[in-house]
Amino acid sequence: MNYHTFELAYSLTPFENKSYTDLLYKSGKTYIDKYEYVPTVVCETLKKHGIIIKIQQFTKNEYTHYVMYYRINPRRVMEKNNYIGLFNAKDTDRMMDKVNKHLKSINMPSADNCKIHRIDFCTNIVMSGQDEIFEYIKLLQRGFYPKKYESELFYDMTAKRSKFPKNSCNIIKKKLVKITYYNKYDQLQENKYCQNTEEAINILRAEIQCEKRKVRHLIDKFGYTKVRTFLKHSDEMGNYVFNHYANKFCGSGDFYKIDEIYRKIDKSKVKTKSKEMMKELIWLSAKHSSVQKAIHKLRWNYKTTSNILKKFDNIGVSPIVIPIRSEYDFFPNPLTLALKSCNYS
């Protein structure tokens, strides 16, 4: 599994904070970010090389401490204007050497002296075109949200209600992970620096952003504490993360139209009462274009809901229903697509 962004953290003393802040301002393209929730200085001097630097001030119980962050896009470190391709872990040493060279040019600490703070595992899923990508994203938006997960919506002033973005589906567990599927071509339309936008026309980007808590879990589980070692083994950890989260809100089964789902339920070895409950969920899921709304309408308790959703996993079918009018009769589940495409760069 590839990745396209990671973030490093470096703790600063008050003296270092002042010293490095002064150096950032001297380097140019440095400003105070008024939209951050804590005092933040941002430096974009190295942005053209895929590196953004920020220093943040945190205060707790009258104690103030400072942290410098490097947000790094490794593919852009290697190729300045590559906004589409993903990074291969085998090139970690070359990439880190280039990062350190750029940091040294403005007298910043080495990336090797930092700690991993965040990493975005991802893959470019190659589909037949924009229509298929649009259909697939709309399907994912019909999913359900496990406990402590929520969807990322925006408020539509015209419709006067919260909606999913047109070309993405984002599910978040705060301070842990963000699961995102989005139309890469559509995203790049807003990027004036990308010169090869058409190369993304068939790409559905699947991305799982691991925040600090999840990164700590990965370090504890796999034992890679150093930055370079962690990044060199990112394929191993990325596959683990995708296997755990990619299908979190749609189940592990594939997508079908309602008649085919009914047929598969009837052919299964599930008990008659459970089959009736599964069909009821599917009917409401199709009616309301949402598994989450269907579950809400049924008012089952948590245990019952979990048991029924597990039965869908067992028969290899997602409770998300492909609309009758759709030209597509079948879609593989996100994990299957992601693992199949993970070597695409």
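The values are calculated or read from the model by the stated rules, or taken from the named source; none is laboratory data. Here the structure is a predicted model, which means the values were calculated and not measured. Because the Cβ atoms are built from the backbone with ideal geometry, glycine has one as well, and the counts that use them run over all protein chains shown. To get the accessible areas, we keep the full protein, side chains included, count just its heavy atoms, and leave off ligands, DNA and RNA. Shrake-Rupley method; radii C 1.70, N 1.55, O 1.52, S 1.80 Å.
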Residue in the stretch 208-220 that is closer than 29 Å to F330 by Cα and open to solvent by 10 Å² or more (accessible area, probe 1.4 Å) present: yes
Cross-chain or 6+ apart pairs with Cβ under 6 Å, the stretch 37-49 first and closer than 21 Å to N100 by Cβ and among the β-branched types (V, I, T), then assigned to a loop (DSSP other than H, G, I, E, B) and open to solvent by 30 Å² or more (accessible area, probe 1.4 Å): V42/D33; T45/K29
Qualifying residue in the stretch 257-269 (condition: surrounded by fewer than 22 Cβ atoms within 10 Å (Cβ to Cβ) and of a type in the set (F, W, Y)): yes
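For the stretch 221-233, enumerate the residues that are part of a loop (DSSP other than H, G, I, E, B) and either crowded, with 16+ Cβ neighbours inside 10 Å or of a type in the set (V, I, T) (or both). Spell out how you get there, then give the answer.
Here is the first cut: in the stretch 221-233, the residues part of a loop (DSSP other than H, G, I, E, B) are 223-226, 233.
Those that are part of a loop (DSSP other than H, G, I, E, B) and either crowded, with 16+ Cβ neighbours inside 10 Å or of a type in the set (V, I, T) (or both): Y224, T225, H233.
Identify the residue in the stretch 308-335 that is among the basic types (K, R) and loosely packed, with under 14 Cβ neighbours inside 10 Å and, among all such residues, is farthest from the chain's Cα centre (by Cα). Quick ask: steps written out before the conclusion?
Residues of the stretch 308-335 that are among the basic types (K, R), as a first pass: 310-311, 325.
This time we only want the ones that are loosely packed, with under 14 Cβ neighbours inside 10 Å, so: 310, 325.
On the way: K310: 24, R325: 30 Å.
Per the stated criteria, the residue is R325.
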First in the stretch 206-234 and within 30 Å of F134 (Cβ to Cβ), second anywhere and charged (D, E, K, R) and open to solvent by 50 Å² or more (accessible area, probe 1.4 Å), Cβ under 6 Å, 6 or more apart: Q209/K178; E211/K175
Residue selected from the stretch 286-307 under the condition small (G, A, S) and open to solvent by 30 Å² or more (accessible area, probe 1.4 Å), by the criterion farthest from Y262 (Cα to Cα): S306
Pairs with Cβ under 7 Å, 6+ apart, first in the stretch 152-169 and over 15 Å from R205 (Cβ atoms), second part of a loop (DSSP other than H, G, I, E, B) and open to solvent by 60 Å² or more (accessible area, probe 1.4 Å): S162/L153; K163/L153; F164/L153
Total residues in the stretch 7-41, condition at pLDDT below 95 and aromatic (F, W, Y): 2
Filter result (at pLDDT 95 or above and among the polar types (S, T, N, Q)) within the stretch 42-63: T45, Q56, Q57
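Restricting the search to the stretch 269-302, which residues are outside any helix (DSSP H, G or I), closer than 16 Å to V317 by Cα and not aliphatic (A, V, I, L, M)? Full working, then the answer.
Here is the first cut: in the stretch 269-302, the residues outside any helix (DSSP H, G or I) are 269-271, 289-290, 299-301.
The next check asks that each one be closer than 16 Å to V317 by Cα; those that pass are 269-270, 290.
If the condition is that a residue be outside any helix (DSSP H, G or I), closer than 16 Å to V317 by Cα and not aliphatic (A, V, I, L, M), then K269, S290 are the ones that fit.
Condition (residue is assigned to a helix (DSSP H, G or I) and of a type in the set (F, W, Y)) applied to the stretch 316-329: is it met by at least one residue? Please lay out each step first, then the result.
Of all residues in the stretch 316-329, those assigned to a helix (DSSP H, G or I) come to none.
Looking for residues that are assigned to a helix (DSSP H, G or I) and of a type in the set (F, W, Y), one finds none in the stretch 316-329, hence no.
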Residue match in the stretch 117-140 (condition: modelled with pLDDT of 95 or more, open to solvent by 40 Å² or more (accessible area, probe 1.4 Å) and within 23 Å of K47 (Cα to Cα)): no
